[in-house]
1. Pairs under 7 Å by beta carbon, first residue of a type outside the set (Ser, Thr, Tyr) in the stretch 26-39, partner open to solvent by 70 Å² or more (accessible area, probe 1.4 Å), six or more apart or different chains?
2. Can you pull out the residues in the stretch 47-63 that are acidic (Asp, Glu), within 15 Å of Gly135 (Cα to Cα) and open to solvent by 80 Å² or more (accessible area, probe 1.4 Å)?
3. Pick from Ser104, Ser117, Ser178: which is among the small types (Gly, Ala, Ser) and in contact with a Pro (Cβ under 8 Å, 6 or more places away or on another chain)?
4. Filter the stretch 40-67 down to the residues that are in contact (Cβ under 8 Å) with a residue 40 or more places away in the chain and of a type in the set (Gly, Ala, Ser), then identify the one that is farthest from Gly112 (Cα to Cα).
5. Regarding the stretch 7-17, can at least one residue be identified that is outside any loop (DSSP other than H, G, I, E, B), open to solvent by 60 Å² or more (accessible area, probe 1.4 Å), on the phi < 0 side of the Ramachandran plot and at pLDDT below 95?
6. Would you tally the residues in the stretch 151-179 being of a type outside the set (Val, Ile, Thr) and either on the phi > 0 side of the Ramachandran plot or touching a Gly at 6+ places or on another chain (Cβ under 6 Å) (or both)?
7. Looking at the stretch 95-107, I want the residues that are under 15 Å from Lys174 (Cβ atoms) and have a partner that is open to solvent by 70 Å² or more (accessible area, probe 1.4 Å) and at pLDDT 95 or above with Cβ atoms under 8 Å, at least 6 apart or on another chain. Which pairs are those?
8. Quickly run through the stretch 126-180 and pick out the residues that are in contact (Cβ under 8 Å) with a residue 40 or more places away in the chain and charged (D, E, K, R).
Amino acid sequence: MAQIVIGARAPKSLAASSRFFPFFATVVIVQGVHVIEHIIQLFQVYVFDVPDEDALGLLGYIIQFNGTEEWLHLGFNFTYLICLYVLVVALREYVDLGVIPPWSYLTFAIAGAGVESWHMVEHVVIISNVIRHSGCPCPGIGDQALSVSDTILHFFYNAIAYTATVIPFWFLMKTRTSTGRARSGR
């Protein structure tokens, strides 16, 4: 006998989330390109001997203000962080549906949204130094505290947040693929 729970919210089906998946996929793709930019910066510094402060990836040479690409990073990372907060809320439903394992969701919330939140604090500190100096030097908190270059540090911030985002995306893709095969009879 079916039990009726009054006041409980019925979970949406995956098919009802037609706008969610393209949003999540876009976040994964765009952040993937951003991580590639940071890999390019690592190559510039450690393979091509470009000084750390001159290694701007590709877009950093095109989009600059106050003689630095830091404004580009601030805007990009702020947008990414807002997207992650939206995903933290939206992905919770997929945990309840059994699509995304709880450990994957917690990894995403802590290592994705949490690390990216700290990364945003770093960029606010960096921008405050850009404003103070009308450009760089513009150190953040972590690079000074850890005595590591910001190229390395920000690569790791982005790699951690991105990896934590890809994990629940993989589970969602896996479910969508198997659901699509089941519907098509394969």
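The values are calculated or read from the model by the stated rules, or taken from the named source; none is laboratory data. Note that the structure is a prediction, hence the values are computed from the model and not measured. Virtual Cβ from ideal backbone geometry, glycine too; neighbours counted across all protein chains shown. Areas reflect the complete protein model, heavy atoms only, side chains present, ligands, DNA and RNA absent. Shrake-Rupley method; radii C 1.70, N 1.55, O 1.52, S 1.80 Å.
1. Glu37/Leu58; Glu37/Leu59
2. Glu53
3. Working: Ser117 fails: in contact with a Pro (Cβ under 8 Å, 6 or more places away or on another chain); Ser178 fails: in contact with a Pro (Cβ under 8 Å, 6 or more places away or on another chain).
Residue meeting the stated conditions: Ser104.
4. Of everything passing the filter in the stretch 40-67, Gly67 is farthest from Gly112 (Cα to Cα).
5. So the first thing to find is which residues in the stretch 7-17 are outside any loop (DSSP other than H, G, I, E, B), and the list is 14-16.
Imposing the further condition that a residue be open to solvent by 60 Å² or more (accessible area, probe 1.4 Å) reduces the set to 15-16.
From what is left, the residues that are on the phi < 0 side of the Ramachandran plot are 15-16.
Retained after the next criterion (residues that are at pLDDT below 95): 15-16.
Yes, because at least one residue in the stretch 7-17 is outside any loop (DSSP other than H, G, I, E, B), open to solvent by 60 Å² or more (accessible area, probe 1.4 Å), on the phi < 0 side of the Ramachandran plot and at pLDDT below 95.
6. To start, the set of residues in the stretch 151-179 that are of a type outside the set (Val, Ile, Thr) comprises 153-159, 161-162, 164, 168-174, 176, 178.
When the remaining residues are screened for being either on the phi > 0 side of the Ramachandran plot or touching a Gly at 6+ places or on another chain (Cβ under 6 Å) (or both), the result is 153, 161, 164.
The qualifying residues number 3.
7. The qualifying pairs are Val95/Pro102.
8. Correct list: Asp150, Arg176.
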